[in-house]
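Step one of this worksheet: look at the structure below.
Every read-out reported here was derived from the displayed coordinates using simple, explicitly stated rules and does not represent laboratory data. In this text the structure is predicted, and so the values were computed from the model without any measurement. We place every Cβ from the backbone using ideal geometry, glycine too, and count neighbours over all the protein chains shown.
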Amino acid sequence: MVNRLCGSGAIIFSASHGGEMSFESTKIQNGFFTHEVIQALRTRDADTDHDGEVSVDELEAYVTLNVASKTGGLQRPTVDRDNLAQRFGLPIPQAGAQSGSVKTSSR
């Protein structure tokens, strides 16, 4: 029997809420959402607990705050996940280092 309470672990991170537009900028040559996701994973700015990884919660907080700020609140990213107990972090690459593995845990 499938445990429907745990779900698949899928996380959907959308650039904006339904009915909102997603904005791009010629200055950054990208959309604000994509730019902030890349910044979060390339820098240590989103790693608020300084563990060398960006958790999904840290990614959500960083991207949502920065996108809303840079678009004057016109674009607000959203996250939907079907398994709230599943947590994982994305390693922040060191300069010149290759990508590492993703660590997962259930709380």
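The modelled label-to-label distance between H17 and A61, using points 7 Å beyond Cα along the C-beta direction, is 2.1 nm.
Spin-label pair T26-F88: with each label point 7 Å from Cα along the Cα-Cβ axis, the two points sit 4.0 nm from one another.
If you take the square roots of the eigenvalues of the alpha-carbon gyration tensor of the stretch 11-94 and sort them as a ≥ b ≥ c, do you get rounded (a/c under 1.5), prolate (a/b over b/c) or oblate? The shape class here is oblate. As a calculated quantity, the FRET efficiency between A10 and D51 at R0 = 22 Å, using C-beta atoms, amounts to about 0.40.
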